[in-house]
Structures are given as C-alpha cells and as structure tokens.
Amino acid sequence: MATVVGIGLATLCFVGIPLQLIGLQVTGHNRWPWDSVVEIVGTAHGFFYIIYLVSCLDLAARARFRTGQLLGMVGSGLLPLLAFYMERKVTQRVKAQLALGDAAPPGPAATVWAALVRPPRSRGTSGAKPDSSGPGHGDLAGSELGQSELGRAELGNEAGPGSD
C-alpha cells in the first residue's frame, strides 16, 4: 500500500504540478489537459492515502510500533519518495518480529486481556498455571495471538519461552 501511495505522490509532485505550471505559463490558465494529471492522480492518491492510514494504524497496533515510527509511516504519504524508504524499514522490522515466533513479547491485546481476567492469587497456590479454557479465551485462539502467547501474558511472562 505504501508503494501505491508513494507512486501516486511522486507522480503528483514530479509530473502533475510541473504540467500545471507549464500550462499556466503557456495558456495563462490551469485547464485541461494541463491539470488532468493532478485531477486524476490526486483523487486516487487521496483515496488510497486514507486506506493507507487505516493500514498504518492497524500495523502499528499489531507490531507494537512507537509513536515516531507511526509518524514516519504517516509522513510517507505526505513527503515524496519517503514511502519507499519507510516501506523497506517497516518490512524489515516486521520480518524480524515474525522470525522471533513464540519468543516475541506478547502483544498489547494479550497483555490487557491477561490483566483483566487474571484470577486473584491465593496463598495456597504456588506456581499453578491459570486455567486458559475460561470464557473469552476461545475468542482469541483463532486470532494472531496463540494460546502459548496468551499463557505467558497471563503469567506475567514468568514462564519463559518453551515452557508451555
């Protein structure tokens, strides 16, 4: 999506705007055909940029990006050629996180869920793993959060990787 937005913005900045300026110098007004690139590509860029923003917010939440990284992704649709650089950097970061597999830290949804459903600890139970078959756990089983990741989040990451 960043590539589509980047190509649209580069086309606007490096083709559409110069054509408008040439048309203004030649004819004294900005009418067709001089402004046709800006009208067509500009509309498409704006439409795809909205979709790109929603995708950025979703990816930033899933991949636990910091605010600066999210702002870099958002700026990709505003500054020409930044989209290509950011696409490469974001792809490298997400691939590195996916390579960690089960060793990756739990996502924000698993951490919040674990804090909400954590049973109160009594003095009699030492090290007992909470029951992960309670209500709501089946809802997250099919999502990107695996049961082992949920288990680690519920235990506050006390059980290390591979101790499932």
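Of everything in region 1-37 that is outside any helix (DSSP H, G or I) and in contact with a Leu (Cβ under 7 Å, 6 or more places away or on another chain), the residue that is nearest to F48 (Cα to Cα) is W34. Residues of region 61-120 that are surrounded by 11 or more Cβ atoms within 10 Å (Cβ to Cβ), modelled with pLDDT of 85 or more and among the hydroxyl-bearing types (S, T, Y): S76, Y85, T91.
Has region 26-46 got any residue that is within 22 Å of the chain's Cα centre (by Cα) and within 21 Å of G72 (Cα to Cα)? Yes; the residues of region 26-46 include at least one that is within 22 Å of the chain's Cα centre (by Cα) and within 21 Å of G72 (Cα to Cα).
Do the conditions hold for L81, that is, is it farther than 20 Å from L12 by Cβ and in contact with a Leu (Cβ under 9 Å, 6 or more places away or on another chain)? Criteria not met by L81.
Take L53 and tell me if it is closer than 25 Å to I17 by Cβ and part of a helix (DSSP H, G or I).
Working: closer than 25 Å to I17 by Cβ: yes; part of a helix (DSSP H, G or I): yes.
Taking the combined requirement at face value, the residue satisfies it.
Scanning region 21-45 for residues being farther than 18 Å from T11 by Cα and either surrounded by 10 or more Cβ atoms within 10 Å (Cβ to Cβ) or in contact with a Phe, Trp or Tyr (Cβ under 7 Å, 6 or more places away or on another chain) (or both) gives a total of 3.
The values are calculated or read from the model by the stated rules, or taken from the named source; none is laboratory data. Since this is a predicted model, take the numbers as computed values, not measurements. No Cβ is skipped: glycine too gets one built from the backbone with ideal geometry, and neighbour counts run over all protein chains shown.
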